[in-house]
1. Quantify how much of the Cα-Cα distance distribution of segment 243-322 extends past 19 Å, in percent.
2. Return 251, 168 ranked ascending by Cβ neighbour count within 10 Å, so the fewest neighbours appear first.
3. Write down the percent of antiparallel bridges among all DSSP beta bridges whose residues are both part of the chain, to the nearest 5.
4. I'd like to compare 267-274, 109-116: which one has the highest average count of other Cβ atoms within 10 Å, and what's the full order after that?
5. Kirkwood Rh over Cα pairs of segment 264-370 into Stokes-Einstein at 37 °C, 0.692 mPa s: D in µm²/s?
6. Quick one: what do you get for segment 125-189 if you divide its Cα Rg by 2.2 N^0.38 Å?
7. Please give the calculated 222 nm ellipticity per residue for the chain, where each DSSP H segment of at least 4 residues contributes -39500 (n - 2.57) and the sum is spread over every residue; nearest 500 deg cm²/dmol?
8. Rank the residues 47, 159, 294 as a footprinting-exposure proxy: fewest other Cβ atoms within 10 Å of their Cβ go first.
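Quick note: the coordinates plus some simple rules give every number you see, no bench work behind them. Only a predicted model underlies this, so the values are computations on that prediction, with no experimental measurement involved. Glycine also receives a Cβ, built like all others from the backbone with ideal geometry; neighbour counts cover every protein chain displayed.
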């Protein structure tokens, strides 16, 4: 369910699910009136893994389709478009789908993309070559112990280390993390079970060992990113995105994508051990969680009212578009059954793969009329 009822999914924070709220007086204290905004269209979303990022990417795909915008995506992956771990260079656009209005193979004009929505490691100098001028950068983070639990199961590290799933496996790992981690093969299993969010946001190999490097990366992100969303406060984060981009409530409406029906239980000691193991992610998360609430304070005295209005939109859209939620047996991921087949509901609550594939086909067909 949308809005308040999503707290079980998005508000399992280090505060044990507590939902912070600022008073109107606190919000008003830092408020400075702003002129009317101008709708923005150029947005690069660094899609971190296992952070609720698919939900955010779907918002952007929907916006790109309705406003005829061009998205970056690998032509070899028509369902997702992900770049993943590839190191990009100035010729990497040869692997991309073309922007709207550009012929397939006209690589000199494979530039000026409006949106980046796929899994890719943050490589600012190269990404700048392909994105439209003035593109704003955003990303999303998740509380580190919760992030680890999700990645540990989803990418198969648990099965690789312990053969079968068991409630004690994550506690065993947390008790000897270095021992188990070094047994994992290179790839998703290894990359996302130690500082996986920092891995997506930096190419520096010292992120596990050098605190000065990590602090420098955090400072760099603070300077170059317009907004860092926090999964545990998805609605609040999206309201800030709406303000940043001068969008409407329906532009940021969403139905949660790819969330699981079951998560492993962890006591406080296990969570503390996992945060220590993922210490770089912990520093990253704590910094930008604080930054999020600073931005909320600066939003102005209407924040709580606007948040309530946004949640009303979420509930209305959910009631209009979702008939029921179904559990996909493999990985036990919740999927939605549509209440109607309107374009809006199909894009909002339907398959994320089909949604991106529409973006893919439109750009591969080289037209702005589809």
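1. Values: 1979 of 3160 pairs.
Percentage above 19 Å: 63.
2. On the way: 251 18, 168 10.
So the residues, fewest neighbours to most, are 168, 251.
3. Around 35 percent antiparallel, to the nearest 5.
4. On the way: 267-274: 16.2, 109-116: 20.6.
For the peptides 267-274, 109-116, the packing ranking is 109-116, 267-274.
5. On the way: Rh = 18.4 Å.
Calculated translational D: 178 µm²/s.
6. Numbers: Rg = 17.0 Å, N = 65, 2.2 N^0.38 = 10.7 Å.
Working it through for segment 125-189, the quotient is 1.58.
7. Values: 17 runs with 166 residues, N = 370.
It comes out at -13000 deg cm²/dmol, rounded to the nearest 500.
8. On the way: 47 22, 159 14, 294 11.
So the residues, fewest neighbours to most, are 294, 159, 47.
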